[in-house]
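Shown next, in structure tokens, is the structure this report addresses.
The values are calculated or read from the model by the stated rules, or taken from the named source; none is laboratory data. Quick caveat: nothing in here was measured; it's all calculated off a predicted structure. As a convention, Cβ positions derive from the backbone with ideal geometry for all residues, glycine included, and neighbour counts pool all protein chains shown. Just the protein is used for accessible areas: all its heavy atoms, side chains included, with ligands, DNA and RNA removed. Shrake-Rupley method; radii C 1.70, N 1.55, O 1.52, S 1.80 Å.
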Amino acid sequence: MKLEINLNNLTFSRLDLAFAEFLSQRSHLELVQKPYFKLLITRLSFEQSQGHSYLRINEKDQQLILASGLALLVDLNTNENLLPQPLIVQENCLYTHRYWFYETRLARQLKQLLTNDYQIKGLDDGLNQYFPPLNYKDEIDWQRQAAKIALTKAFAIVTGGPGTGKTTTVVKILALLQQLNSKPLQIALAAPTGKAAMRLQESIGHSKQGLNCPKAIKQIIPEEVSTIHRLLGAKSPPSPYFKHHADNQLPYDVVVIDEASMVDLALMSKLVDALKQDARLILLGDKDQLASVESGSVLADLTFSLKENTVELLKSHRFGGTIKALAVAVNEQRAIDAWNLLKIDGKIVTLLEDNLINYIAGKYYHFMNLIQQQVNFKDIYTAFNAFQVLCPNRNGHNGVNEINRLVEKKLGLSGHWYNGKPIMITKNHVATQLYNGDIGLCLTDSHQQGKLMVFFLNADGSIKKILPSRLPSYETVFAMTIHKSQGSEFTEVLIALPDSLNPVLTKELIYTGITRAKKMVKIVANKSIFIDSVNQKVVRYGGLVAKISM
């Protein structure tokens with residue numbers, strides 16, 4: 001629940017207020033000072049819930065915070081392993097110790113990683129083998145540039161929009177690394193969510209087939225992709241700790257992380273902490289997508305700070321036409337051009353003029369018919385993924401909850417569990433090996449006397465069945481938030497915008513929604529809301545760039 005407070009139009013949660021009360025009671029401040037101290041801590045907690053690392057404060061605020069007896073004043077050179085205080089003040093920025101630690105630790109670990117350069121014999125010949133010189137002398141082969149960085153440096157970032165060949169490039173990099181190495185390499189592939197892991201696994205398998213290398217090299221490149229939580233050895237909730245960390249490091253020589261824009265500050269810090277000293281780390285992702293749900297905009301910060309370690313792939317090989325044109329216009333905040341594309345095209349990208357719920361229900365009739373026909377699960381799963389409704393918000397008009405409820409009613413689906421209910425796991429759960437982002441379909445199981453089970457398609461193509469009562473936290477996903485859709489891809493996407501502007505509506509959000517589509521994008525929006533949304537940009541406050549650059 002949220003508690004409304006009339007302060008700069010901010011909405012503080014009960015957690016924000018409880019945290020501030022907890023620290024206020026333990027402060028050394030006089031009674032008259034505590035209300036303002038509580039307000040500062042409430043705002044800090046709120047800012048972190050919005051993805052920022054800190055709260056900017058003035059000198060007077062800083063004096064009050066330090067007088068509380070709960071804060072330390074530090075500079076950019078301070079080691080993160082100091083005796084903990086709940087609050088840290090640095091450069092007129094107020095942190096909780098947790099986020100200051102992760103930010104400082106990650107910057108230090110990355111700077112250590114950057115010192116590891118490699119001299120590779122036969123590099124040019126290897127690059128020519130996998131990335132033959134282009135016919136046009138004035139054209140730069142950015143995939144070749146990415147490979148050169150990944151082979152000669154311990155840390156590399158390959159960013160680019162949909163279809164620019166990030167996975168194809170990294171598969172060639174892995175083959176070349178192995179070919180030029182005297183011993184077999186231990187390679188790990190991971191992604192933030194189960195859905196993203198499944199997509200990467202499919203793409204790796206496809207890309208390996210076209211490699212210009214011996215069969216023995218292909219066999220060393222793994223196809224199995226895990227979630228980052230599984231890679232690090234997630235412990236049972238509510239523990240925030242992993243099996244692998246600085247004192248029990250991962251055994252891998254090369255770690256590849258896909259959809260890196262989704263990785264938050266805390267998780268990236270823990271990942272880098274768990275790398276062994278001579279390991280290589282390769283991040284793949286689209287820097288223009290939404291940042292992580294939790295604090296930080298790590299990929300965007302790293303591409304900005306570490307330009308010598310970053311290559312952006314610009315040429316799209318499968319994602320083009322009006323979908324690409326719309327995505328580029330939104331990303332460049334050319335709002336009127338984007339709106340005109342929706343009005344003019346009318347086929348591939350268009351505004352939905354039909355009744356919203358009737359249209360959505362119609363798109364799911366084929367999916368529901370396949371369920372009634374009891375065809376195999378993979379065909380049903382494929383049919384479900386052909387279309388997806390994406391919403392900026394969970395509540396309100398055109399929000400996830402409203403659309404899910406109305407679509408269920410239109411399709412005649414009732415009861416908490418029913419044949420055909422689509423769900424998404426929202427919390428990692430080690431016992432069931434289900435992870436945040438995994439999609440499941442509730443179906444009758446012919447092998448269990450028609451009992452309802454929830455079926456999941458694993459990354460390796462196998463099928464997992466779980467009783468509904470054993471599921472961790474989940475939500476219905478006839479419609480899902482655009483945040484939750486990251487790492488996914490659908491044949492057709494319908495983006496339903498609300499009828500009033502809110503802070504969530506940004507060009508990054510619209511861009512991310514558009515780039516989930518392979519063949520068609522439909523948008524429900526009035527002109528003013530669409531234009532204003534594209535003209536808003538995500539801004540996150542953090543100190544990672546400054547800490548890396550110092």
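Just a few scattered comments:
- When restricted to residues that are open to solvent by 20 Å² or more (accessible area, probe 1.4 Å) and aliphatic (A, V, I, L, M), the stretch 369-382 contains 2.
- Condition met for V389 (modelled with pLDDT of 95 or more and not small (G, A, S)): yes
- If the condition is being in contact with a Ser or Thr (Cβ under 8 Å, 6 or more places away or on another chain) and small (G, A, S), then the stretch 417-458 contributes A431, G437, G450.
- So K307, is it out of contact with any Pro (no Cβ under 9 Å at 6 or more places or on another chain), without any contact (Cβ under 8 Å) to a residue 60 or more places away in the chain, of a type outside the set (A, V, I, L, M, F, W, C) and under 30 Å from K111 (Cα atoms): yes
- Single match in G420, G412 (criterion: assigned to a loop (DSSP other than H, G, I, E, B), more than 21 Å from the chain's Cα centre (by Cα) and farther than 23 Å from E489 by Cα): G412
- Of the residues K343, K324, the single one that is among the basic types (K, R) and under 29 Å from T193 (Cα atoms) is K324.
- Residues located in the stretch 56-94, provided they are touching a residue at least 60 places away in the same chain (Cβ under 8 Å) and within 19 Å of L17 (Cβ to Cβ): P86, L87
- Looking only at residues in the stretch 407-450 that are buried (at least 18 other Cβ atoms within 10 Å of the Cβ) and either hydroxyl-bearing (S, T, Y) or without any contact (Cβ under 8 Å) to a residue 40 or more places away in the chain (or both), the one that is farthest from Y474 (Cα to Cα) is C442.
- Number of the condition not met by G233 [criteria: (1) in contact (Cβ under 8 Å) with a residue 12 or more places away in the chain; (2) over 22 Å from I548 (Cβ atoms); (3) not charged (D, E, K, R)]: (1)
- Residues of the stretch 208-238 that are more than 24 Å from the chain's Cα centre (by Cα) and not polar (S, T, N, Q): K208, G210, L211, C213, P214, K215, A216, I217, K218, I220, I221.
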